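Shown next, in structure tokens, is the structure this report addresses.
The values are calculated or read from the model by the stated rules, or taken from the named source; none is laboratory data. Predicted, not measured: the structure shown is a model, and the values here were computed from it. In this analysis, Cβ positions are derived from the backbone assuming ideal geometry, glycine residues included, and neighbour counts consider all displayed protein chains.
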Amino acid sequence: MSAYDVVVIGAGPAGMAAAVEARGAGLSVLVLDEAGAPGGQIWRGVEAAGPSRRGVLGGDFAKGADLAAAFRASGADYRPRATVWNISPEKVVDYSAGGGSRQAAAGAVIVATGAVERPVPMAGWLLPGVTTAGASQILLKTSGIVEPDTVFVGSGPLLWLVASQMVAAGVPPKAIVETVPHGRLMAAAKHLPGALKNAAALAKGVRMMWAVKAAGVPVHTGVTDVAIAGATHAEAVTFKGADGAMRIETRHVALHMGVVPNPQITRLLVCDHVFDTAQRAFVPVLDADRMTSRAGVYVAGDGGGILGAAAAVLTGRLAAMGAAEAAGRPVDEGARGAVRAALAKDAAVRPLLETLYAPAEAALAPADDVVVCRCEEVTAGAIRHAARLGAAGPNQVKSYLRAGMGPCQGRVCGMVVAELIAAARGVTPGDVGYYRIRPPLKPLPLSELAELGEAEPVAAQ
């Protein structure tokens, strides 16, 4: 079993920044990442993207190439296509790579696994042809594939970003069906003075929306009763808008209502979490250095609360500084203070965005006949019924109905299950809690366990 000062999980903006910072402090670093190249979801494929694709994806995407180059040059032990499936309380990391499982002991663990898109269960959401906005963006980033009749449904900055990137690619969306309720803008306006501290982010958002509308993409606002029609595949999006009932024919629907932290590893390690009412998501409790309630375990990036790519880089640096200090290495307090100041400035826009783009009620409380747990085909009505029978939280519902027991281990249904139980019991999601996460975090062949613990090359110091 190899030993490292720091094991970083994930090679997106936060993970790469953490690795570069930790190596700069003289720490030995192992980076484990499921992807085949650095970049994460935000900068997926950035090293391979040519000038034309970078032009389509925008300047923020191109910035990832510089960090990826610094990461490659940092001397970190980088293991792509490596899936972490367990971490012990003693910070021994089990991971699968190359058809076998190995172990690495860590002085500190930096979790940089980012966020996942919030599920948007509705009638027809399981039909072929229905994806998420993030999935549409992955196709664009990795393969240059753009579906010409895509209808975006939901709300949030990512929805507008992907739509604007499609416009830049010359294949604009067919329509945007936005679920932001009328009057939400006025509620968000009270946060505008604070948000102006990050005026650049606001200006970027306005430019994205303007580009989409200038391209002639129809935008339907304040819609309700959204459903996806079709027998064997998506055929249309139906909804109620300003002009009454409407129907848009399409074979490609991209759903999005924001992103939420990926909690699997911090839940596995039984770190303390709280329910963030603004983000409508559970987030781990972190100190100023991004350390969790479990000593030596840090969270960098959106896994500790949704802040975006620029902030992910900053939090990656902070987590690495904290790990370096705990290891007895000197930390430049001036540099750490500058990073914290930059993070506060970047985060100034979040209250406005979180108020404006809070998920629609229909996403948190789908109709009884809508499937919520895709793996086990459990409906919202069945979950409500279980709660009324006395199921106090997601783990009890799992016992009753198998919801959350499939291959995704609750990654898709977890947030909705918690919301449904809380509503049925008249309490908050924080009161009902979340699924208890157990290893393996991802499906694992039993044959790999036979090789677990085989000797590995000693890490370069």
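Some points to look at:
- Being touching a residue at least 40 places away in the same chain (Cβ under 8 Å), out of contact with any Lys or Arg (no Cβ under 7 Å at 6 or more places or on another chain) and in the same structural domain as residue 6 (by TED's automatic domain parsing) is a property that holds for residue 107.
- Filter result (surrounded by 24 or more Cβ atoms within 10 Å (Cβ to Cβ) and assigned to a loop (DSSP other than H, G, I, E, B)) within region 411-422: 413
- Against the criterion of being under 23 Å from the mean Cα position of the chain (by Cα) and modelled with pLDDT under 95, residue 119 qualifies.
- The number of residues in region 365-410 being surrounded by fewer than 21 Cβ atoms within 10 Å (Cβ to Cβ) and closer than 30 Å to residue 186 by Cα comes to 2.
- Flag if residue 358 is assigned to a helix (DSSP H, G or I), buried (at least 18 other Cβ atoms within 10 Å of the Cβ), of a type in the set (A, V, I, L, M, F, W, C) and touching a residue at least 40 places away in the same chain (Cβ under 8 Å): no
- A single entry from 286, 314, 318 fulfils the requirement of being out of contact with any Asp or Glu (no Cβ under 9 Å at 6 or more places or on another chain), among the hydrophobic types (A, V, I, L, M, F, W, C) and at pLDDT 95 or above: 286.
- Taking region 173-186 as the range and being modelled with pLDDT of 95 or more and either charged (D, E, K, R) or farther than 20 Å from residue 239 by Cβ (or both) as the test, the residues that pass are 174, 178.
- Residue list for region 112-148, restricted to those being part of a helix (DSSP H, G or I), in contact (Cβ under 8 Å) with a residue 40 or more places away in the chain and surrounded by fewer than 16 Cβ atoms within 10 Å (Cβ to Cβ): 135, 142
- Every condition in (1) under 24 Å from residue 451 (Cα atoms); (2) buried (at least 17 other Cβ atoms within 10 Å of the Cβ); (3) among the hydroxyl-bearing types (Ser, Thr, Tyr) holds for residue 88 except the one numbered (2).
- One residue stands out in region 48-77 among those that are assigned to a loop (DSSP other than H, G, I, E, B) and surrounded by 14 or more Cβ atoms within 10 Å (Cβ to Cβ): the one that is nearest to the chain's Cα centre (by Cα), namely 58.
- Criterion: under 30 Å from residue 398 (Cβ atoms), not assigned by TED's automatic domain parsing to the domain that holds residue 288 and not polar (S, T, N, Q) - qualifying residue of 348, 341, 300, 380: 380
Per-residue answers, yes or no, for (1) without any contact (Cβ under 8 Å) to a residue 24 or more places away in the chain; (2) farther than 12 Å from residue 112 by Cβ; (3) of a type in the set (Ser, Thr, Tyr); (4) not assigned by TED's automatic domain parsing to the domain that holds residue 265:
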site	(1), (2), (3), (4)
11	no, no, no, no
15	no, no, no, no
26	no, yes, no, no
42	no, no, no, no
47	yes, yes, no, no
56	no, yes, no, no
60	no, yes, no, no
63	yes, yes, no, no
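- Number of positions in region 82-111 that are part of a loop (DSSP other than H, G, I, E, B) and touching a strand residue (DSSP E or B) at 6+ places or on another chain (Cβ under 6 Å): 2
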